[in-house]
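Asks: Below are the structure tokens for one structure; questions will follow.
The values are calculated or read from the model by the stated rules, or taken from the named source; none is laboratory data. Fair warning: this is a prediction, and the values are worked out from it, not measured in the lab. Heads up, the Cβs are rebuilt from the backbone with ideal geometry, glycines too, and the neighbour counts pull from every protein chain shown.
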Amino acid sequence: MNEEWQCIGCGVHIQTSEPDQLGYTPKAAFERGVESGELYCQRCFRLRHYNDIQDVSLTDDDFLRLLNEIGTEDALIVNVVDIFDFNGSLIPGLHRFVGDNPVLLVGNKLDVLPKSLKPSKMIQWMRERAHEEGLRPIDVKLTSAKKASDIESLLETIETYRKGRDVYVVGVTNVGKSTLINQIIRQTAGVKEVITTSRFPGTTLDKIEIPLEDGHFLIDTPGIIHRHQMAHYLGKKDLKIIAPQKEIKPKTYQLNAEQTLFLGGLARFDYIQGERSSFTVYTANDLDLHRTKLEKATAFYEKHVGGLLQPPRPDEVAEFPELVRFEFSIKERTDIVFAGLGWITVTNPGVVAGWAPKGVDVIKRKALI
């Protein structure tokens, strides 16, 4: 691809080979654009014609450059995270890059959480986890990008804290940031005025600026790929299976010691030691769970992964990482969290182990529900 071609919307170099990367445009659209003199990347084209923002991902270096630039601005930072995958959707070291700018922490996908989880408890929990990461948000807000009333409430909160400044929306990929921004565009006056721009010198960062009524902007930034996200290892169809679309319906199992639960072929939970007890699984409703004996679990996995145990499916993933084991001694009611997949609540004392693809975290936390 000739590097001299640039998108007239955002300035990014046009390429026709990698749909998930910056500057992509289909070959036919590229040829039409060159002919007409109106050459847009697909992201800008969809924004102009459909008011639709597509998420794109940046390299870590590009993203660090973007964060450093934001730190020199006087702005409100809106950090969108996925409530369902809080740890997997935090931006490492964000507090070091934002300077003195206030951060509003927004937990998206509220609609998929079980009704039994009180929002006030979730907000308090998010605040505590943010503090552990060195982030001191000015406020914590829960929202669902699918609900117009939630977006209105979020916009009011942003208005309260921005105090006449620009607003930068940041987040890792797969947190639903694009859906959120698209809803904001639909609800914000002057939809036709939406422009695409790249104001960062020496780089082709694909930013979207949404005009606010006072001449300032709400600025959407591309998502950074988080290496520890389960989504990083899956194809699009498998992603739909593990990403909850509706309220999660918890599934409870009575397990004896030395029994194993498989979460599709993506993760594994071993009950190693303890009295017969109940374990509640919080994952997407479409994800199949399988119970087997601990002593046979490894052989069972090797035989059935990609078949009975799926996702991952062979036609979606060329090579799925091996599962790595994390062991935990449980003293109180505890969640074992599989980053990006969900969690299992352990009610009684005992010893358990969680397995996840190499690079994906399994952690324990005090039970949320």
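Asks: Go over the candidates 334, 345 one by one and state the one that is in contact (Cβ under 8 Å) with a residue 12 or more places away in the chain and surrounded by fewer than 20 Cβ atoms within 10 Å (Cβ to Cβ).
Replies: 345
Asks: Looking at the stretch 74-96 only, could you name the residues that are more than 19 Å from residue 61 (Cα to Cα), over 14 Å from the mean Cα position of the chain (by Cα) and assigned to a loop (DSSP other than H, G, I, E, B)?
Replies: Residue satisfying the conditions is 74 alone.
Asks: Let me ask you something else. Under 7 Å between Cβ atoms, at least 6 apart or on separate chains: pull out the pairs that start in the stretch 138-163 with a residue that is at negative phi and end on any residue that is among the aromatic types (Phe, Trp, Tyr).
Replies: 138/161; 139/161
Asks: Let me ask something else about it. Is there a residue being part of a loop (DSSP other than H, G, I, E, B) and among the aliphatic types (A, V, I, L, M) anywhere in the stretch 98-112?
Replies: yes
Residue-wise test of (1) within 29 Å of residue 343 (Cα to Cα); (2) in the same structural domain as residue 64 (by TED's automatic domain parsing); (3) assigned to a loop (DSSP other than H, G, I, E, B).
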| position | (1), (2), (3) |
| --- | --- |
| 114 | yes, yes, yes |
| 136 | yes, yes, yes |
| 152 | no, yes, no |
| 156 | no, yes, no |
| 179 | yes, yes, no |
| 182 | no, yes, no |
| 186 | no, yes, no |
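One line per residue, one yes/no per condition, for (1) buried (at least 21 other Cβ atoms within 10 Å of the Cβ); (2) among the acidic types (Asp, Glu):
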site	(1), (2)
93	no, no
96	no, no
100	no, yes
107	yes, no
115	no, no
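Asks: Right, something else. Would you confirm, using the coordinates I've provided, whether residue 220 is among the acidic types (Asp, Glu), in contact with a helix residue (DSSP H, G or I) (Cβ under 8 Å, 6 or more places away or on another chain) and modelled with pLDDT of 75 or more?
Replies: So residue 220 fits the description; yes.
Asks: I would also like to ask the following. Count, please, the residues in the stretch 7-32 that happen to be buried (at least 20 other Cβ atoms within 10 Å of the Cβ) and over 22 Å from residue 220 (Cβ atoms).
Replies: Total satisfying the criteria: 1.
Asks: Residues being surrounded by fewer than 19 Cβ atoms within 10 Å (Cβ to Cβ) and part of a strand (DSSP E or B): count how many of those fall in the stretch 289-314.
Replies: 5
Asks: Another question, if that's okay. Just checking, which of 144, 149 is surrounded by fewer than 20 Cβ atoms within 10 Å (Cβ to Cβ) and at pLDDT 85 or above?
Replies: 149
Asks: When the stretch 270-280 is examined, which residues are found to be part of a strand (DSSP E or B) and either of a type outside the set (A, V, I, L, M, F, W, C) or within 23 Å of the chain's Cα centre (by Cα) (or both)?
Replies: Listed by number, the residues that qualify are 270, 271, 273, 277, 278, 280.
Asks: Of the conditions (1) assigned to a strand (DSSP E or B); (2) more than 26 Å from residue 130 (Cβ to Cβ); (3) of a type outside the set (A, V, I, L, M); (4) under 20 Å from the mean Cα position of the chain (by Cα), residue 286 clears all except one; give me its number.
Replies: It fails just one condition, (1).
Asks: Output the residue which, of all residues in the stretch 215-262 that are touching a Ser or Thr at 6+ places or on another chain (Cβ under 6 Å) and surrounded by 22 or more Cβ atoms within 10 Å (Cβ to Cβ), is nearest to residue 341 (Cα to Cα).
Replies: 260
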